[in-house]
Amino acid sequence: MAYLTHFILLLLINLASSQQISNTESSSSTTTNPTTTEDCNNRWIYIRNLPSRFNLDLLTNCSEYPIFDDFCPYLANHGLGQKTHTKSRSWYRTDPLLLELIFHRRILEYPCLTNDPNVANAVFLPYYGAIDSLKYLYGPDVNSSFQHGMGLFDFLQSDEPGIWNRHMGHDHFLVMSRPAWDFCQPLDNDPPIWGTSFLELPEFYNVTVLVPEGRAWPWQEHAVPYPTSFHPPNLACFEAWIQRVRRSRRVSLMLFAGGGGIGASPNIRRSIRTECENANTSMTKDNTGYSQICHIVDCSNGICEHDPIRYMRPMLQATFCLQPPGDTPTRRSTFDAITAGCIPVFFEEMSARSQYRWHLPEEKYPEFSVFIPKEKVVFKGLKILDVLMGIPRSEVRKMRESVIELIPRVMYRRHGSSLGLRTKKDAFDTAIDGALQTIKDKLNDLSEQ
């Protein structure tokens, strides 16, 4: 089954790639096409033609890592996954690991592609680096993790090396669909501990890397939203969802969808669970105005990951969605909450504010989110409930409207979506804008040296 899926993806992506680049270049010179050469000034992207061993061939190993989830079922619809039900038009069982495949498919629709690398403002590498890393993280090559990416670099040096040498990789960018921490193991670790050394390789220092979570002091990487399960195909589906979000009755004050927090050691998730249990027994609708003070959606053992119905309906009914850090600071749930119009509550700056500067402007966080330092909750007894109940209802309404305005920026619309929906910049469009500007700034800095 995996080989059949791979063959179909290879056929469709190769066909779409050749047709799209041809159509882009031929139509950009006409006056009837909505994208003109002038529109593409400083926005031309060249897609590097990589052997399939660097991308689509990797998908054939989707079930070969015993201690990692089988992701074969989620390859459908170019990485969006299977639809949540047969009549669904916008909702899929999306696995975040397949952001590389989703991005690859979407960039084939980018209106400013070129076949000439010499006129390109940026070069995209369709390398599925996170999927390639699985053999080092969970497979037989764990002791060779320092080699992750070296095969790609050797190819870039041997096949049309002028494309790389033109700016020594400063104009190249790629997507890796795991946190940057998984790719920054020091090269001198012997034996290897965890992760690969892709971001530690001097060969790739100049490349811009898009990841769902960056480090505190990133060098190459920029954080982009995790893909949610919402991928509307047209403007009508998108606007219908926005209307549903606006009309939804918010009967719960706060919601936490996740696992953890059941151990004895003090941590923010344990504090949340304890406060929720106490609040639901001591508070009533008469003194809060909510039917339920705190709703916990238990997502232990990954049961929610590919089943958005479990958490999206409760999120639609909640005013605030708590986003405590887990194994790493960021959470896909942040973007699920925004999609549901639920105001995110953060407990660490690294959970979002220090991450998604392209998609969630840093100066606007007070308008759409709440920040409560986790140390005050865990060690100083600050009640989350007191903070949230202290926000005036009029302010809450304004914050929710600000959250709803962010929905287009954090969703990845479906490939092949309608022209009407394409007028709204989504997470992919915003990431491309950010990558192009970053590369432009780097090249300008080089020219001034």
Of those in region 358-381 that are assigned to a loop (DSSP other than H, G, I, E, B), within 21 Å of the chain's Cα centre (by Cα) and modelled with pLDDT of 95 or more, the residue nearest to E395 (Cα to Cα) is S369
Just one listed residue, out of R244, R249, is closer than 28 Å to T423 by Cα and not acidic (D, E), and it is R244
With criteria (1) hydroxyl-bearing (S, T, Y); (2) within 25 Å of Y65 (Cβ to Cβ); (3) open to solvent by 30 Å² or more (accessible area, probe 1.4 Å), Y205 comes up short on (2)
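Taking helices (runs of 4 or more DSSP H) that fall entirely within region 98-190, which contain at least 3 residues that are under 30 Å from L419 (Cβ atoms)? First the steps, then the outcome.
Values: elements: 99-107, 129-137, 150-158, 161-165.
Ranges flagged: 99-107.
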Exercise. Would you check if T94 is under 22 Å from the mean Cα position of the chain (by Cα), assigned to a loop (DSSP other than H, G, I, E, B) and either in the same structural domain as T339 (by the TED database) or within 22 Å of P308 (Cα to Cα) (or both)?
Key: yes
Taking region 356-392 and keeping residues of a type in the set (S, T, Y) and either crowded, with 21+ Cβ neighbours inside 10 Å or under 23 Å from I296 (Cβ atoms) (or both) leaves Y356, S369
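Scan region 382-399 and tell me whether some residue there is out of contact with any strand residue (DSSP E or B) (no Cβ under 8 Å at 6 or more places or on another chain), of a type in the set (S, T, Y) and not in a helix (DSSP H, G or I).
Initial filter on region 382-399 (out of contact with any strand residue (DSSP E or B) (no Cβ under 8 Å at 6 or more places or on another chain)): 382-383, 386, 390, 392-395, 397-398.
Then keep just the ones that are of a type in the set (S, T, Y); that gives 394.
Remaining after also requiring not in a helix (DSSP H, G or I): none.
So far as region 382-399 goes, no, none of its residues is out of contact with any strand residue (DSSP E or B) (no Cβ under 8 Å at 6 or more places or on another chain), of a type in the set (S, T, Y) and not in a helix (DSSP H, G or I).
Within region 94-146, which residues are free of Cβ contacts under 8 Å to residues at least 40 places away in the same chain and either of a type outside the set (S, T, Y) or open to solvent by less than 10 Å² (accessible area, probe 1.4 Å) (or both)? Steps first, please.
Taking region 94-146 as the starting set, the residues that turn out to be free of Cβ contacts under 8 Å to residues at least 40 places away in the same chain are 140-141, 144.
P140, D141, listed by residue number.
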Note to self: Looking at the structure I just gave you, is R353 under 18 Å from S229 (Cα atoms) and either buried (at least 24 other Cβ atoms within 10 Å of the Cβ) or in contact with a strand residue (DSSP E or B) (Cβ under 8 Å, 6 or more places away or on another chain) (or both)?
What the structure shows: no
The residue that is most open to solvent (accessible area, probe 1.4 Å), considering only those in region 303-329 that are without any contact (Cβ under 8 Å) to a residue 24 or more places away in the chain and in a loop (DSSP other than H, G, I, E, B), is D327
Within region 131-150, the residues that are closer than 18 Å to E203 by Cβ and either under 26 Å from the mean Cα position of the chain (by Cα) or among the basic types (K, R) (or both) are D132, S133, Y136, S145, F146, Q147, H148, G149, M150
Going through (1) outside any loop (DSSP other than H, G, I, E, B); (2) of a type outside the set (A, V, I, L, M); (3) closer than 24 Å to G420 by Cβ one by one, T228 fails only at (1)
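For residues in region 404-421 being charged (D, E, K, R) and over 24 Å from T208 (Cβ atoms), which is nearest to the chain's Cα centre (by Cα)?
Step one: filter region 404-421 for residues charged (D, E, K, R), giving 405, 409, 413-414.
Remaining after also requiring over 24 Å from T208 (Cβ atoms): 405, 414.
Values: E405: 18, R414: 14 Å.
Among residues in region 404-421 that are charged (D, E, K, R) and over 24 Å from T208 (Cβ atoms), the one nearest to the chain's Cα centre (by Cα) is R414.
Would you confirm, using the coordinates I've provided, whether A236 is modelled with pLDDT of 95 or more, farther than 22 Å from M150 by Cα, surrounded by fewer than 19 Cβ atoms within 10 Å (Cβ to Cβ) and outside the structural domain of Y356 (by the TED database)? Give the derivation first.
On the way: modelled with pLDDT of 95 or more: yes; farther than 22 Å from M150 by Cα: yes; surrounded by fewer than 19 Cβ atoms within 10 Å (Cβ to Cβ): yes; outside the structural domain of Y356 (by the TED database): yes.
Here the answer is yes, as A236 does meet what is asked.
The values are calculated or read from the model by the stated rules, or taken from the named source; none is laboratory data. Computed from a predicted model, the values in this text were never measured in an experiment. Positions of Cβ are backbone-derived with ideal geometry, glycine not excepted, and every protein chain shown enters the neighbour counts. Surface areas here come from the heavy atoms of the whole protein model, side chains and all, with no ligands, DNA or RNA. Shrake-Rupley method; radii C 1.70, N 1.55, O 1.52, S 1.80 Å.
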